1. Restricting to the range B:15-35, name every residue that is surrounded by fewer than 20 Cβ atoms within 10 Å (Cβ to Cβ), modelled with pLDDT of 95 or more and not in a loop (DSSP other than H, G, I, E, B).
2. Taking the range A:8-23 only, how many residues are surrounded by 13 or more Cβ atoms within 10 Å (Cβ to Cβ) and either within 14 Å of chain B (Cβ to nearest Cβ) or touching a Lys or Arg at 6+ places or on another chain (Cβ under 6 Å) (or both)?
3. Hey, A:Ser67 hits all of (1) surrounded by 15 or more Cβ atoms within 10 Å (Cβ to Cβ); (2) more than 14 Å from chain B (Cβ to nearest Cβ); (3) within 10 Å of the chain's Cα centre (by Cα); (4) more than 30 Å from B:Ser10 (Cβ to Cβ) but one; which does it fall short on?
4. Could you please find all residues in the range A:104-114 being under 25 Å from B:Tyr36 (Cα atoms) and either more than 11 Å from chain B (Cβ to nearest Cβ) or open to solvent by 10 Å² or more (accessible area, probe 1.4 Å) (or both)?
5. Looking only at the range B:66-89, which residues are in a loop (DSSP other than H, G, I, E, B) and among the polar types (S, T, N, Q)?
6. Residues A:Thr5, A:Thr79: which one is surrounded by fewer than 17 Cβ atoms within 10 Å (Cβ to Cβ) and within 11 Å of chain B (Cβ to nearest Cβ)?
7. Go over the candidates A:Ile46, A:Ile51 one by one and state the one that is free of Cβ contacts under 8 Å to residues at least 60 places away in the same chain and open to solvent by less than 40 Å² (accessible area, probe 1.4 Å).
8. Among (1) touching a Pro at 6+ places or on another chain (Cβ under 8 Å); (2) of a type outside the set (D, E, K, R); (3) surrounded by fewer than 18 Cβ atoms within 10 Å (Cβ to Cβ), there is one condition B:Thr106 misses while meeting the rest; what is its number?
Amino acid sequence: DGGITQSPKYLFRKEGQNVTLSCEQNLNHDAMYWYRQDPGQGLRLIYYSQIVNDFQKGDIAEGYSVSREKKESFPLTVTSAQKNPTAFYLCASSIAGRGSYEQYFGPGTRLTVT
Amino acid sequence: ILNVEQSPQSLHVQEGDSTNFTCSFPSSNFYALHWYRWETAKSPEALFVMTLNGDEKKKGRISATLNTKEGYSYLYIKGSQPEDSATYLCASFLQAGTALIFGKGTTLSVSS
């Protein structure tokens, strides 16, 4: 089955710890994205990557880091510098190219930091 | 400021009612408009991607229109069913930007 997976579904961390969220896709998509959702907010873009070994900051990149060493994988690290890390995180992928192609989303990871 | 606005924020209808939602977006430098359906406990799924002014797309009882000159899109659901209950997200891709900009969504609840 082709698709996009995220793990874990729920993640709990203590304040001050870095945490890495996994995102894997087997759709052969060049582009991958990380979004954050907070209550009452739309999806906000954290980082995106159009090709391996390249990525760009989205609207709310501060306190986050990513890597794109493989086409299939786009892990997101939430660092201790992120002031409000508790949120629902969605990963997505698409064929690269100016927004003409639909995005496929993973099931999400709910991160709680206390 | 590049904002995508959706209205209403939430909507409750009876089974069999027809309904529609609005998405407004900056009309300058428009490139594409996406609609997604996000059901509870599932991932968002694409409904439509539209790029041309006057585009109309249909999938079953759901259809969408696009007006790029005035910067709005309508999503219509004919004869709503309980399984249509979901949050409907609109997102715009602008030439000046490099990624989709999402609205906050319209949450539809259909009672049987």
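The values are calculated or read from the model by the stated rules, or taken from the named source; none is laboratory data. As the structure is a prediction and not an experimental result, all values here were calculated from the model. Neighbour counts are summed over all protein chains in view; Cβ atoms, including those assigned to glycine, are modelled from backbone coordinates with ideal geometry. Quick note on the areas: whole protein, heavy atoms, side chains included, nothing else; ligands and nucleic acids left out. Shrake-Rupley method; radii C 1.70, N 1.55, O 1.52, S 1.80 Å.
1. B:Thr19, B:Asn20, B:Thr22, B:Ser24
2. 2
3. Tallying (1) surrounded by 15 or more Cβ atoms within 10 Å (Cβ to Cβ); (2) more than 14 Å from chain B (Cβ to nearest Cβ); (3) within 10 Å of the chain's Cα centre (by Cα); (4) more than 30 Å from B:Ser10 (Cβ to Cβ), A:Ser67 fails exactly one: (3).
4. Narrowing the range A:104-114 to residues under 25 Å from B:Tyr36 (Cα atoms): A:104-111.
Listed by number, the residues that qualify are A:Tyr104, A:Phe105, A:Pro107, A:Thr109, A:Arg110, A:Leu111.
5. Looking only at the range B:66-89, we keep the residues that are in a loop (DSSP other than H, G, I, E, B), and these are B:68-71, B:78-81, B:85.
Within the range B:66-89, B:Thr68, B:Ser80, B:Gln81, B:Ser85 qualify.
6. Details: A:Thr79 fails: within 11 Å of chain B (Cβ to nearest Cβ).
Of the residues listed, the single one that is surrounded by fewer than 17 Cβ atoms within 10 Å (Cβ to Cβ) and within 11 Å of chain B (Cβ to nearest Cβ) is A:Thr5.
7. Working: A:Ile51 fails: open to solvent by less than 40 Å² (accessible area, probe 1.4 Å).
The match here is A:Ile46.
8. (3) is the only condition that B:Thr106 fails.
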